[in-house]
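Right, one structure below, let's go through it.
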Amino acid sequence: MDEAATSTSVAQRALVLGVVVAVGWLLHLLGPILMPFLTGMALAYLWDPAVDRMQRAGLGRTLAVCLVFLCMGLLLVALVLVLVPLLGRQMHVMAAKVPVVIEWFSSTLLPWLQRRFGIAEGDLPIQALGDALVANWQSAGGFAQRLLSSATASSIALVGWVVNLVLIPVVTFYLLRDWDRLLAHMHDVLPRAWERTVLELARECDEVVSAFIRGQLLVMLALGVCYTIGLMLVGLDLALLIGMLAGLASIVPYLGLVLGLGSAAIATLVQFGDWPPLLWVLAVFVASQALEGMYLTPRLVGDRIGLHPVVVIFAVLAGGQLFGFTGVLLALPVSAVIMVLLRHVHERYRASVFYGPVAAEAVAVEVPAQSPAGTQSPAGAQPPEPGGA
């Protein structure tokens, strides 16, 4: 009897593993067309808590989804009308400063390097590098026009882009409207023997992903705003561009600090031509990092994600390689979910005979003590509430 049960369990696990591998391979093959569906799923997950709150306030589900779409549309219009023109002007300012930067390198930095380190005048080809930079920058000015021309030249590519852009709000609307119903259907088809484990994993994954979406993205936005306001107070012309780029780059720990401080230091030296303003720039980044470390990350994110910086870089690159821009957006939430699953696999491994009989017995004694008190029985378990962490 035990042998039959064991063989059945092994067969079930092999079947599940085969299904997971097949689904992963199918997703890889369907990668070129998954962008609107994955983006719509992410947006539906992000806005589902707001729709649920509106429902609890007495609104219908469809009306609440329409109000959420109205808010998203207003945010998009504000972004296009306010932020994009400001960034465009900053890009023009940066383009105008390229010759000034080259002149500063030639007249200020190069003589200082020669006096300090004994570098000969011909060792650094500043003039050749400057001419190449100016030529490439001027040629890059028509890049958008050439890109648009090449896109419109291929009618199939243009139609594909338009269809994807149209599908994103459509998919988001239907997923957001039927989100709770879809979760209930998924809960109904769960094997009863796995229900408790699957629901616990789903709740923990939901907490981690919600912490990332609500926490890490808010930290990035707050850092970008802090950098921008601080650099504007210093008087830096490229404050908005440098601040926003540093905030976006802070998705990788310390990358935003390094890129932002380096670019702001160069821009400050070129604009003011003196060293004292660098102290104010340094103060801006030190204060922003102190705010991020002591308040923003502990309050908004906590220690729920815990991804190593190398894992963050690898996840972003792997997501871009597999699924393009959508993969870059979804790389870190998916990595956080994988981290949760691997943590539970590690716990099961520590409690198994493969790790060692003595150690397995010790871990098996500790594992029940870590389970939350008052856990419901499988019959009374309820489906997780995504996005509501």
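Would you call Leu332 closer than 23 Å to Pro253 by Cβ and touching a residue at least 24 places away in the same chain (Cβ under 8 Å)? In short, yes. Every condition in (1) at pLDDT 75 or above; (2) loosely packed, with under 10 Cβ neighbours inside 10 Å; (3) in a helix (DSSP H, G or I) is met by Gln145 except one, and the failing one is (1).
Answer yes or no as to whether Met41 is modelled with pLDDT under 90, within 19 Å of Val166 (Cβ to Cβ) and part of a helix (DSSP H, G or I). Spelling it out, Met41 is indeed modelled with pLDDT under 90, within 19 Å of Val166 (Cβ to Cβ) and part of a helix (DSSP H, G or I).
If you filter region 217-232 down to residues that are touching a residue at least 40 places away in the same chain (Cβ under 8 Å) and aliphatic (A, V, I, L, M), you find that the one that is nearest to Gly88 (Cα to Cα) is Leu231. Scan (1) farther than 22 Å from Gly215 by Cβ; (2) in a helix (DSSP H, G or I) for the single condition Leu341 breaks and write down its number. (1) is the only condition that Leu341 fails.
The residues of region 258-294 that are exposed (fewer than 12 other Cβ atoms within 10 Å of the Cβ) and either modelled with pLDDT of 85 or more or in a helix (DSSP H, G or I) (or both), listed by number, are Pro276, Leu279, Ala290, Gly293, Met294. In region 10-20, the condition of being of a type in the set (A, V, I, L, M) and either surrounded by 14 or more Cβ atoms within 10 Å (Cβ to Cβ) or under 25 Å from the mean Cα position of the chain (by Cα) (or both) is met by at least one residue.
Just checking, does region 254-276 include any residue being among the hydroxyl-bearing types (Ser, Thr, Tyr) and farther than 25 Å from Leu83 by Cβ? Yes, some residue in region 254-276 is among the hydroxyl-bearing types (Ser, Thr, Tyr) and farther than 25 Å from Leu83 by Cβ.
Residue count for region 61-78 satisfying the condition of being of a type outside the set (Lys, Arg) and touching a residue at least 40 places away in the same chain (Cβ under 8 Å): 4.
Here the condition is being over 19 Å from the mean Cα position of the chain (by Cα) and outside any helix (DSSP H, G or I); of Gly58, Gly73, it holds for Gly58 alone. So which residues in region 212-234 are farther than 15 Å from Leu259 by Cβ, over 12 Å from the mean Cα position of the chain (by Cα) and small (Gly, Ala, Ser)? Of everything in region 212-234, those that are farther than 15 Å from Leu259 by Cβ, over 12 Å from the mean Cα position of the chain (by Cα) and small (Gly, Ala, Ser) turn out to be Ala222, Gly230. So which residues in region 89-110 are surrounded by 13 or more Cβ atoms within 10 Å (Cβ to Cβ), more than 31 Å from the chain's Cα centre (by Cα) and not β-branched (Val, Ile, Thr)? Result: Lys97, Pro99, Glu103, Trp104, Phe105, Ser106, Leu109, Leu110.
Scanning region 354-361 turns up at least one residue that is at pLDDT below 55 and not small (Gly, Ala, Ser).
The values are calculated or read from the model by the stated rules, or taken from the named source; none is laboratory data. These numbers were taken from a predicted model, which means no experiment stands behind them. Glycine gets a Cβ as well: all are built from the backbone with ideal geometry, and neighbour counts include every protein chain shown.
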